[in-house]
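Presented below is the structure to which this report refers.
The values are calculated or read from the model by the stated rules, or taken from the named source; none is laboratory data. Quantities reported herein were computed from a predicted structural model and do not represent experimental measurements. Glycine gets a Cβ as well: all are built from the backbone with ideal geometry, and neighbour counts include every protein chain shown.
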Amino acid sequence: MIIELEGCVSSFLPAAQAPLVFYGPSNLLAGRFLHLRAGDGLSEFGAPTPKAVEYCIGAGRYAKRLNPPYTLKELLETLPEGLREKAEDSVCLRRAFYLSRVDPRPLRTAKVYVDDPLLLFALEPYMSAYVVGIPGDRRKRAKCGADPPPPPQLVDAEARILSPEEFVDFLYTRDVLKLLANPLLVLKLLWRLRRVL
Amino acid sequence: MAVKKSVVELLKFAMALEVAFGMVGLLSALALSAAVVYLLAYVFGPVAGAAFAALSAAYIAMGYSTVFFAYKAIKRPELVKPSTAILWSRVALIAAGVSALSANLLYAASSTLLALALYLYAKELAKAAT
């Protein structure tokens with residue numbers, strides 16, 4: 001979910017829990033952030049979020065019907081006539097497909113700053129997303145703290161984009177790893193089963 | 001780039017095997033679980049029997065839904081999308097695990113093969129789309 005920030009952003013962001021991704025003017029940052037960029041590339045396979053499809057061609061509600069991963073061909077089949085031609089020529093959409101295969105694993109503990117909205121949409125499913133300038137699902141007003149926030153410190157980083165095959169592997173194992181990474185959840189499940197039996 | 005023909009053939013073979021062994025293997029599992037439910041209910045009381053019945057019903061429903069998926073998809077494998085391939089591959093993998101535990105070996109083997117074939121097919125589709 002994308003949360004739109006208003007008010008004293010530079011005071012809110014240092015206190016927010018990592019991992020997070022932020023999009024907006026970089027002078028609002030405070031503290032240490034990874035400045036993430038992605039290399040060039042276009043693709044027709046991936047899992048762009050409905051928001052990204054909405055941003056590119058205004059067809060987010062059609063993308064909601066598809067389960068990740070999907071291909072551009074599948075998306076075209078769900079679109080009505082007028083939008084289909086728009087989607088066929090859209091470079092933005094192909095870029096969104098490419099960026100949706102970004103590898104979020106190295107970013108688990110980081111605060112990330114992006115200046116590409118498509119990269120923001122790609123990272124949003126994996127971490128909390130705060131923005132200035134893009135309308136979000138929720139709004140948050142941040143109040144300024146008494147202490148001045150620490151000066152921004154941006155470290156450049158290159159996003160790793162998974163190849164289509166790696167992306168299939170990633171989706172295949174994601175939920176299993178989530179369960180393993182959260183042993184408390186497994187214990188709770190077992191405890192419930194034990195009580196039933 | 002087109003999808004490799006060998007992968008499609010493997011998928012069709014695995015689906016045919018799944019339908020054949022699934023029908024027989026799950027029917028025997030149904031009979032076996034009915035017997036175990038009766039035994040458990042007799043020895044430990046009705047709650048134990050009901051719990052086992054619920055678990056085995058979940059397993060058999062999962063098994064039959066993979067069989068039904070294979071039966072539907074075998075005629076038109078080109079309709080299988082990457083997302084459905086990943087989903088059914090995982091379901092088949094779980095079904096195979098449970099079958100192996102309950103000594104339903106033929107069905108376990110065919111489910112494992114189906115899971116593998118669907119996984120390879122999803123990768124192949126991804127490669128073809130790039």
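Among the residues here, B:Val37 qualifies as within 14 Å of chain A (Cβ to nearest Cβ), without any contact (Cβ under 8 Å) to a residue 40 or more places away in the chain and not charged (D, E, K, R). Does A:Phe97 satisfy the condition of being within 26 Å of B:Val80 (Cα to Cα) and not acidic (Asp, Glu)? Against the criterion (within 26 Å of B:Val80 (Cα to Cα) and not acidic (Asp, Glu)), A:Phe97 qualifies. Give the range B:106-130 a look and list any residue that's within 12 Å of chain A (Cβ to nearest Cβ), touching a Leu at 6+ places or on another chain (Cβ under 6 Å) and of a type in the set (A, V, I, L, M, F, W, C), or say none. B:Ala115, the sole residue that qualifies. Does A:Arg160 satisfy the criteria of being within 13 Å of chain B (Cβ to nearest Cβ), at pLDDT 75 or above and under 26 Å from the mean Cα position of the chain (by Cα)? The answer is no for A:Arg160.
Does A:Leu119 satisfy the condition of being over 12 Å from A:Phe22 (Cβ atoms) and assigned to a helix (DSSP H, G or I)? Spelling it out, it is not the case that A:Leu119 is over 12 Å from A:Phe22 (Cβ atoms) and assigned to a helix (DSSP H, G or I).
Looking at the range A:1-72, the strands (runs of 3 or more DSSP E) lying wholly inside it that each contain 1 or more residues that are at positive phi and small (Gly, Ala, Ser) sit at A:2-7, A:31-37.
Kindly indicate whether B:Tyr42 is in contact (Cβ under 8 Å) with a residue 40 or more places away in the chain and aromatic (Phe, Trp, Tyr).
Working: in contact (Cβ under 8 Å) with a residue 40 or more places away in the chain: no; aromatic (Phe, Trp, Tyr): yes.
Judged against the criteria, B:Tyr42 is not a match.
For the condition within 14 Å of chain B (Cβ to nearest Cβ), surrounded by 16 or more Cβ atoms within 10 Å (Cβ to Cβ), in contact with a helix residue (DSSP H, G or I) (Cβ under 7 Å, 6 or more places away or on another chain) and in contact (Cβ under 8 Å) with a residue 12 or more places away in the chain, A:Pro48 qualifies.
Of everything listed in (1) more than 14 Å from chain A (Cβ to nearest Cβ); (2) within 21 Å of B:Ala20 (Cβ to Cβ), the single unmet condition for B:Val91 is (1). Residues in the range A:80-97: is at least one closer than 23 Å to A:Ala157 by Cβ and of a type in the set (S, T, N, Q)? There is no residue in the range A:80-97 that is closer than 23 Å to A:Ala157 by Cβ and of a type in the set (S, T, N, Q).
Scanning the range B:56-78 for residues that are within 20 Å of A:Arg192 (Cβ to Cβ) and crowded, with 16+ Cβ neighbours inside 10 Å, we see that the one that is farthest from the other protein chains (Cβ to nearest Cβ) is B:Met62.
Would you confirm whether any residue within the range A:64-74 is over 28 Å from B:Ala2 (Cβ atoms) and within 21 Å of the chain's Cα centre (by Cα)?
yes
One line per residue, one yes/no per condition, for (1) out of contact with any helix residue (DSSP H, G or I) (no Cβ under 9 Å at 6 or more places or on another chain); (2) within 14 Å of chain B (Cβ to nearest Cβ); (3) among the hydroxyl-bearing types (Ser, Thr, Tyr):
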{"residue": "A:Pro69", "(1), (2), (3)": "no, yes, no"}
{"residue": "A:Glu81", "(1), (2), (3)": "yes, no, no"}
{"residue": "A:Asp89", "(1), (2), (3)": "yes, no, no"}
{"residue": "A:Leu118", "(1), (2), (3)": "no, no, no"}
{"residue": "A:Ile134", "(1), (2), (3)": "no, no, no"}
{"residue": "A:Lys140", "(1), (2), (3)": "no, no, no"}
{"residue": "A:Gly145", "(1), (2), (3)": "no, no, no"}
{"residue": "A:Pro150", "(1), (2), (3)": "no, no, no"}
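Pairing each residue of the range A:84-108 that is part of a loop (DSSP other than H, G, I, E, B) with any residue that is of a type in the set (Phe, Trp, Tyr), provided the two are 6+ apart or on different chains, yields C-beta distances under 8 Å for A:Ser100/A:Phe121; A:Arg101/A:Phe45; A:Arg101/A:Phe167; A:Asp103/A:Phe170; A:Pro104/A:Tyr126. For A:Ala96, the stated conditions do not hold, so it cannot be described as more than 12 Å from the chain's Cα centre (by Cα), away from chain B (no Cβ under 14 Å) and over 22 Å from A:Thr173 (Cβ atoms).
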